[in-house]
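The values are calculated or read from the model by the stated rules, or taken from the named source; none is laboratory data. The structure displayed is predicted, hence computed values, not measured ones. Positions of Cβ are backbone-derived with ideal geometry, glycine not excepted, and every protein chain shown enters the neighbour counts. These area figures cover heavy atoms from the full protein model, side chains too; ligands, DNA and RNA do not enter into them. Shrake-Rupley method; radii C 1.70, N 1.55, O 1.52, S 1.80 Å.
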Amino acid sequence: MRAFTLLAVLAVAAAAVVAWLNVRGEAPVGGTVPAGVPSVELVQRGAYLATAGNCAACHTARGGAAFAGGKAIETPFGTVFASNITPDAEHGIGRWSQDHFWRAMHHGRSRDGRLLYPAFPYPDYTLITREDSDALYAFLRSRPAIRQANRPHDLRFPYNSQLSLAVWRALFFSPGEFEAQPGKSAEWNRGAYLVRGLGHCQACHAPRNAFGATDDKLDLSGGLIPMQNWYAPSLASPAEAGVQGWTTPEIVRLLKDGRTAGGAAMGPMAQVVSSSTQHLDQADLRAMATFLRELPRHRPPAPESVKAGDDILALGARLYRAQCAECHGERGEGNGIAYPALAGHRTATMPSSANLVKVVLSGGFPATTEGNPRPYGMPPFGQSLSDAEIAALATFVRGSWGNNAAAVTELDVNRVR
């Protein structure tokens, strides 16, 4: 009985410590819903910031009303459903003050004090300025109020517990603020603010640990996007998606049009370009390009020595001639900007084969943008080719025409499928 009492006391003490850690840096939240109408300029500024943050991509369900929530976000711990952020008083942010909204962005806490799950990327949004938070709030308050109830999250135990979430935050989250680097230009600092904060690029382009937390160093070294099986390549390695050797106009074109001679945005990045970056002004695109060009280079890992047997390479060569050569060329040389060269293509040569396999399995289109309104797509082969055949085809592409990447196994394909 004494041991049980001691354990209970320790549990209460631990909960108290965790609770204290999770309110560090938070000012008391009050305020009332503004009675007046915000200025047109503030609302327009907020609309632009919502586009830069790609808020609608998560907070709008397929076929649903904009920002009314309900979209399912699959995680390794269960399903999180995006919330209604229209000004509906019962289900949305109709009763939220600017202070409540700022606390959600900066501290990851809802109006009622409930801790928010980091599927809402407040570990990145914590860098957003109060002025930008207020502008976003003004824009969302200007939207039509949609009476749509929020769906409860479907998370496994213990991840469905506020106590577990508090422990996670104590370990992996600290509120922050963006600090301009004095030795850098205003343009670089603006790009850093957009990439690190509002653009929340680290949410995809950084590895995650077993608890779903990203590295706090912002190395943008690439990571597999949970549950989607797309690999967000390293923005610091020229062997993956690093653009340190590109010109600023080339980077701007990729963010604006979704395609350049050096590559195209596919998969989740195509959605980001289509819904977000193509709509940003040239100054902000140049700022992002400036920041990305100056990221410290990461040396790519040495190529794996895993090679395939002659029979697998022969099968891959036959499949390539039958399925791919007409568009991508007999020697992987490509055919104009529509059909990229596979010889030397970073998707084919980087250590992770996930994106190459994903495209062969499921096909895909680059972003649909004003500069690329009718993108050429890649047809899917997942229904017509077996895992063994796709592995052989991918292995052939990764080891031909000067490419020197490791072989792909059936298990690699099965994991992506």
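Regarding the stretch 339-352, can at least one residue be identified that is at pLDDT below 85 and either open to solvent by less than 30 Å² (accessible area, probe 1.4 Å) or part of a loop (DSSP other than H, G, I, E, B) (or both)? Within the stretch 339-352, not a single residue is at pLDDT below 85 and either open to solvent by less than 30 Å² (accessible area, probe 1.4 Å) or part of a loop (DSSP other than H, G, I, E, B) (or both). The set of residues in the stretch 188-207 being open to solvent by less than 30 Å² (accessible area, probe 1.4 Å), more than 19 Å from His106 (Cα to Cα) and part of a helix (DSSP H, G or I) consists of Asn189, Gly191. The residue that is least open to solvent (accessible area, probe 1.4 Å), among those in the stretch 360-390 that are acidic (Asp, Glu) and part of a helix (DSSP H, G or I), is Asp387. Is it true that Ala82 is open to solvent by 20 Å² or more (accessible area, probe 1.4 Å) and either closer than 15 Å to Pro144 by Cβ or touching a residue at least 24 places away in the same chain (Cβ under 8 Å) (or both)? Against the criterion (open to solvent by 20 Å² or more (accessible area, probe 1.4 Å) and either closer than 15 Å to Pro144 by Cβ or touching a residue at least 24 places away in the same chain (Cβ under 8 Å) (or both)), Ala82 does not qualify.
The set of residues in the stretch 36-68 being over 20 Å from Val272 (Cβ atoms) and either among the charged types (D, E, K, R) or in a strand (DSSP E or B) (or both) consists of Glu41, Arg45. Comparison of Leu292, Leu393, Leu285 shows that the only residue that is crowded, with 19+ Cβ neighbours inside 10 Å, touching a residue at least 24 places away in the same chain (Cβ under 8 Å) and closer than 22 Å to Arg417 by Cβ is Leu393. When Gly92, Gly113, Gly108 are checked against the criterion of being under 24 Å from Gly212 (Cβ atoms) and at pLDDT 95 or above, a single residue qualifies: Gly108. The residues of the stretch 44-90 that are closer than 15 Å to Ala138 by Cβ and β-branched (Val, Ile, Thr), listed by number, are Thr51, Ile85, Thr86. Scan the stretch 220-268 residue by residue and report those that are farther than 24 Å from Tyr376 by Cβ, outside any loop (DSSP other than H, G, I, E, B) and over 13 Å from the mean Cα position of the chain (by Cα). Of everything in the stretch 220-268, just one residue is farther than 24 Å from Tyr376 by Cβ, outside any loop (DSSP other than H, G, I, E, B) and over 13 Å from the mean Cα position of the chain (by Cα), namely Thr248.
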